[in-house]
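The values are calculated or read from the model by the stated rules, or taken from the named source; none is laboratory data. Model, not experiment: these values are computed from the prediction. Cβ: placed from backbone, ideal geometry, glycine included. Neighbour counts: every protein chain shown.
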């Protein structure tokens, strides 16, 4: 029996081991672990890769979102429009600042925040948030495919609020919009990225980054990540300890030149699955920008819909095939957000996705034998 993990990072490391150990040794010899030239070099590289003017390295994707929201002044009495179908950090950071997550349902095709649903919620907010000031729009580029940014940028301009991109799963993903093809993180006022090891560009631990084209915002973010200090021991605002470790920057700088080839290989794996599952009970993810951009999808996750999802998941696990549910409980139904007053049925597409979706192995180093084993196991499980 061929076993296939959901993610295996060891093959990637094996190919880069010598170069990674060399930069780690150099860093150890320098003893410059906090910020410094390694972080600055990586920030420049990522800014150029994303097509943004500035990049500010921070300690995690969560802290990237938190710092970006802090930088635009989100606080008590404010609301931030976002999706209930995403990783917890998106809404958690809003709540940590004393603001209210204002949820709208997703597009069932892309799993991303629906512009139409967002407009309806903004026009008719729930009573409990009717008095809150809408401070920002926070769409998520879920699973590696950009949200409909033209619609959200237009909505943000109409309402006079910034759009902050949660691009934690989408570094390099491209959006073919009215201003041409642009990459995730270069369209809104700010873009937030995660370098958690499971991401397409993953570090040796936690790490994150915020991109922007706004010089003043970049300066504010740099102060916020360092306890609100631009000059040592002089604090113009209350920030946090959100600095990106030089170790992570060094590792990520080695990996960055390989990112495009890893994206390409993930798309090859996705295309293999798409062909293999055609005509079956497995509903494959739809790449809505295919043919309009090179990185139309970067497949941080390959997420299918299947009948009897939990039974299928159990059968795959018993067969040695890694899989995962992203995400089993939409954010509006999480216990910690009970006081917001949302009820089952409020966001039916998010709730339906939570019961039907399953992520399959998609990492670049999958072998033909492993891909075939995944397909056979899934088809047997849904039969």
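Couple of notes before you dig in:
- Selection status of residue 199, part of a loop (DSSP other than H, G, I, E, B), in the same structural domain as residue 245 (by TED's automatic domain parsing) and on the phi < 0 side of the Ramachandran plot: yes
- Flag for residue 188 being assigned by TED's automatic domain parsing to the domain that holds residue 69 and under 26 Å from residue 153 (Cβ atoms): yes
- Scoring residue 3 on the criteria (1) surrounded by fewer than 12 Cβ atoms within 10 Å (Cβ to Cβ); (2) without any contact (Cβ under 8 Å) to a residue 60 or more places away in the chain leaves a single failure, condition (2).
- Per the listing 273, 327, the residue uniquely touching a strand residue (DSSP E or B) at 6+ places or on another chain (Cβ under 9 Å), surrounded by 16 or more Cβ atoms within 10 Å (Cβ to Cβ), at pLDDT 95 or above and over 18 Å from residue 354 (Cβ atoms) is 273.
- Residues that are under 25 Å from residue 247 (Cβ atoms) and in a loop (DSSP other than H, G, I, E, B) do not occur anywhere in segment 142-155.
- Scanning segment 215-223 for any residue that is more than 18 Å from residue 185 (Cα to Cα), touching a strand residue (DSSP E or B) at 6+ places or on another chain (Cβ under 6 Å), in the same structural domain as residue 192 (by TED's automatic domain parsing) and outside any helix (DSSP H, G or I) turns up nothing.
- Within segment 122-131, one or more residues are in contact with a strand residue (DSSP E or B) (Cβ under 9 Å, 6 or more places away or on another chain), in the same structural domain as residue 218 (by TED's automatic domain parsing), touching a residue at least 60 places away in the same chain (Cβ under 8 Å) and within 30 Å of residue 325 (Cα to Cα).
- When residue 97 is tested against (1) buried (at least 22 other Cβ atoms within 10 Å of the Cβ); (2) in contact with a helix residue (DSSP H, G or I) (Cβ under 7 Å, 6 or more places away or on another chain), exactly one condition is not met: (1).
- Test for residue 16: is it touching a residue at least 60 places away in the same chain (Cβ under 8 Å), closer than 21 Å to residue 261 by Cβ, surrounded by fewer than 19 Cβ atoms within 10 Å (Cβ to Cβ) and out of contact with any helix residue (DSSP H, G or I) (no Cβ under 9 Å at 6 or more places or on another chain): no
- Qualifying positions in segment 167-183 - touching a helix residue (DSSP H, G or I) at 6+ places or on another chain (Cβ under 8 Å) and over 13 Å from residue 153 (Cβ atoms): 168, 169, 170, 171, 172, 173, 183
- Where helices (runs of 4 or more DSSP H) fall wholly inside segment 234-328, the ranges with 3 or more residues that are assigned by TED's automatic domain parsing to the domain that holds residue 378 and farther than 17 Å from residue 196 by Cβ are 259-277, 309-318.
Residue by residue, here is whether (1) in the same structural domain as residue 203 (by TED's automatic domain parsing); (2) assigned to a helix (DSSP H, G or I); (3) touching a helix residue (DSSP H, G or I) at 6+ places or on another chain (Cβ under 7 Å) holds:
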position: 25; (1), (2), (3): yes, yes, no
position: 39; (1), (2), (3): yes, yes, yes
position: 42; (1), (2), (3): yes, yes, yes
position: 55; (1), (2), (3): yes, no, yes
position: 62; (1), (2), (3): yes, yes, yes
